[in-house]
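The values are calculated or read from the model by the stated rules, or taken from the named source; none is laboratory data. Just so it is clear, the structure is predicted and the values come from calculations on it, not from any experiment. Cβ: placed from backbone, ideal geometry, glycine included. Neighbour counts: every protein chain shown.
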Amino acid sequence: MKPSYLLLSALLMFAATLAPRFIPFVFIRKKIASPFWKSFLYYLPYAVLAALTFPYVFYSTGNFFAALTATAAALIMSFFELNMASVAALSFLVAFGLGFLF
């Protein structure tokens, strides 16, 4: 992967997380009362980071089936509210194990 691509990705992620918190602080003088805008500005950085990183999950391994199965396992474990370290470790083990099979 090219260093310029990594730098651009890091800058975009930095801007995505900083802008929703910085822009209201600078340009909006009164307190935001709307529940819609509060929730929008709260969840926007997570949504942008997910949109930037999620497509690359399927290409993280050499095998699309292993990556798809590990992603499905991670989503199921997240649904049952396992902690993040467990989800990451177990989905890694699923992808790693299936990488040997296929």
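Mind listing just one residue for me: the one in region 55-69 that is closer than 25 Å to SER9 by Cβ and among the polar types (S, T, N, Q) and, of those, surrounded by the most Cβ atoms within 10 Å (Cβ to Cβ)?
Of region 55-69, the ones closer than 25 Å to SER9 by Cβ are 55-64, 66-68.
Then drop every residue that is not among the polar types (S, T, N, Q), which leaves 60-61, 63.
Values: SER60: 14, THR61: 18, ASN63: 16.
The qualifying residue surrounded by the most Cβ atoms within 10 Å (Cβ to Cβ) is THR61.
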- Can you name the number of the only condition in (1) surrounded by 13 or more Cβ atoms within 10 Å (Cβ to Cβ); (2) of a type in the set (A, V, I, L, M); (3) within 29 Å of LEU93 (Cβ to Cβ) that ALA19 fails? (3)
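So if I check each of SER4, SER91, which one is outside any loop (DSSP other than H, G, I, E, B) and modelled with pLDDT of 90 or more? Full working, then the answer.
Working: SER4 fails: modelled with pLDDT of 90 or more.
Selected residue: SER91, the only one of SER4, SER91 that is outside any loop (DSSP other than H, G, I, E, B) and modelled with pLDDT of 90 or more.
Quickly run through region 25-39 and pick out the residues that are surrounded by 10 or more Cβ atoms within 10 Å (Cβ to Cβ) and modelled with pLDDT of 85 or more.
Going through region 25-39, the residues surrounded by 10 or more Cβ atoms within 10 Å (Cβ to Cβ) turn out to be 28, 32, 37-39.
Across region 25-39, the qualifying residues are TRP37, LYS38, SER39.
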- Query: Which of the residues that make up region 48-81 are of a type in the set (Gly, Ala, Ser) and outside any helix (DSSP H, G or I)?
  - Reply: SER60, GLY62
- Query: Taking the condition modelled with pLDDT of 85 or more, exposed (fewer than 11 other Cβ atoms within 10 Å of the Cβ) and not assigned by TED's automatic domain parsing to the domain that holds LEU12, does ALA85 pass?
  - Reply: yes
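Just wondering, is there one or more residues in region 33-44 that are in contact with a helix residue (DSSP H, G or I) (Cβ under 6 Å, 6 or more places away or on another chain), assigned by TED's automatic domain parsing to the domain that holds LEU8 and within 27 Å of ALA19 (Cβ to Cβ)? Even if it seems obvious, please write down each step before you answer.
Quick first cut of region 33-44, residues in contact with a helix residue (DSSP H, G or I) (Cβ under 6 Å, 6 or more places away or on another chain) only: 41, 44.
If we keep only those that are assigned by TED's automatic domain parsing to the domain that holds LEU8 as well, we get 41, 44.
Narrowing the set further to residues that are within 27 Å of ALA19 (Cβ to Cβ) leaves 41, 44.
The answer is yes, given that some residue of region 33-44 is in contact with a helix residue (DSSP H, G or I) (Cβ under 6 Å, 6 or more places away or on another chain), assigned by TED's automatic domain parsing to the domain that holds LEU8 and within 27 Å of ALA19 (Cβ to Cβ).
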- Message: Just to be sure before I move on: is PHE80 modelled with pLDDT under 90 and at negative phi in the structure I sent?
- Response: no
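Please go through region 70-96 and pick out each residue that is more than 26 Å from SER9 (Cα to Cα) and of a type in the set (S, T, N, Q). Break it down into steps so the answer makes sense when it comes.
From region 70-96, those more than 26 Å from SER9 (Cα to Cα) are 73, 76-77, 79-83, 86, 90, 93-94; that's our starting set.
Within region 70-96, ASN83, SER86 meet the criteria.
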- Message: Anything in region 57-81 that is in contact with a helix residue (DSSP H, G or I) (Cβ under 8 Å, 6 or more places away or on another chain) and of a type in the set (A, V, I, L, M, F, W, C)? List them, or say none.
- Response: VAL57, PHE58, PHE65, ALA66, ALA67, ALA70, ALA73, ALA74, MET77
